[in-house]
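Below is one structure; the comments refer to it alone.
The values are calculated or read from the model by the stated rules, or taken from the named source; none is laboratory data. A quick note: this is a predicted structure, and the numbers were derived from the prediction, not measured. When we count neighbours, we look across all protein chains shown, and the Cβ atoms used for this are built from the backbone with ideal geometry, even at glycine.
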Amino acid sequence: MIQTQNRLFNFTALIIVANLIMYGVQNSTQNGILYYGLNPLFFEYGFHHQLLSTMFVHGGFFHIFMNMFVLFQFGNMIEPYLGSVKYLILYFVGGIFTSIGSLAYMYFTGDWANLVGASGAISVLFGWYALRNRSERKAVVIWILLISFAPLLLGMPVAWYAHLIGFVIGWVMGYIL
């Protein structure tokens with residue numbers, strides 16, 4: 001069993017609040033979703049902030065609701081075990097590396113999209129959890145595959161590669177943290 005660490009604050013709740021605030025900002029700004037999402041503007045105009053801001057932008061109410069629901073469940077389960085500092089490192093550093101990996105995927109395949117959502121960073125949490133919890137590993141792998149590919153079968157756009165990249169990064173970071 002993983003031992004619980006002391007937390008300075010509930011950062012999962014703070015991340016959720018930041019996502020909700022950003023959702024309001026993106027919807028009150030013309031082209032906010034393009035400015036903050038991860039897309040070719042990263043290269044064309046040097047929008048390097050997109051590596052971080054993409055984790056806080058969402059494609060609609062259902063999108064943010066689902067991501068925040070999963071973050072609430074998984075984040076509040078993982079944060080006490082890692083402690084505040086390691087949890088923030090896992091979420092944000094892993095999320096930024098997921099953005100870099102997703103940007104590389106889009107660049108090399110030419111399959112450009114406006115990448116938005118916290119699911120890449122949340123997938124980092126899944127990867128860490130799967131590495132650390134052998135008894136639930138198969139269930140987590142099945143879940144990541146479902147959230148990555150089931151929407152595609154329903155004709156919904158989803159950045160499946162961000163989920164898989166995030167999962168692998170979380171797994172690797174599990175060895176480091």
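Descriptive notes on the structure:
- Cβ pairs under 6 Å, 6+ apart, first in region 93-104 and closer than 12 Å to Phe167 by Cβ and among the small types (Gly, Ala, Ser), second at pLDDT 95 or above and surrounded by fewer than 24 Cβ atoms within 10 Å (Cβ to Cβ): Gly94/Met173
- Pairing each residue of region 118-146 that is modelled with pLDDT under 95 with any residue that is of a type in the set (Val, Ile, Thr) and assigned to a loop (DSSP other than H, G, I, E, B), provided the two are 6+ apart or on different chains, yields no C-beta distance under 6 Å.
- Residues in region 78-105 that are closer than 13 Å to Gly127 by Cα and out of contact with any Phe, Trp or Tyr (no Cβ under 7 Å at 6 or more places or on another chain): Tyr91, Gly94, Gly95, Thr98.
- Those residues of region 12-38 which are closer than 18 Å to Phe72 by Cβ and either surrounded by fewer than 19 Cβ atoms within 10 Å (Cβ to Cβ) or modelled with pLDDT under 95 (or both), in sequence order: Ala13, Leu14, Val17, Ala18, Leu20, Ile21
- Region 39-54: number of residues that are buried (at least 16 other Cβ atoms within 10 Å of the Cβ) and out of contact with any Phe, Trp or Tyr (no Cβ under 8 Å at 6 or more places or on another chain): 1
- Scanning region 108-117 for residues that are touching a residue at least 60 places away in the same chain (Cβ under 8 Å) and either within 12 Å of the chain's Cα centre (by Cα) or part of a helix (DSSP H, G or I) (or both), we see that the one that is surrounded by the most Cβ atoms within 10 Å (Cβ to Cβ) is Val116.
- Screening Ile64 with (1) surrounded by fewer than 17 Cβ atoms within 10 Å (Cβ to Cβ); (2) of a type in the set (Val, Ile, Thr); (3) in contact (Cβ under 8 Å) with a residue 12 or more places away in the chain gives one miss only, at (1).
- Within region 153-177, residues that are within 11 Å of Tyr129 (Cα to Cα) reach partners that are of a type in the set (D, E, K, R) and surrounded by fewer than 20 Cβ atoms within 10 Å (Cβ to Cβ) with beta carbons closer than 8 Å, at six or more positions or on different chains, in the pairs Gly174/Arg132.
- Looking across region 41-62, the residues that are of a type outside the set (A, V, I, L, M), part of a helix (DSSP H, G or I) and closer than 20 Å to Phe92 by Cβ come down to Phe42, Gln50, Ser53, Thr54, Phe56.
- For Ala162, the requirement of being aliphatic (A, V, I, L, M) and either crowded, with 18+ Cβ neighbours inside 10 Å or not in a helix (DSSP H, G or I) (or both) is met.
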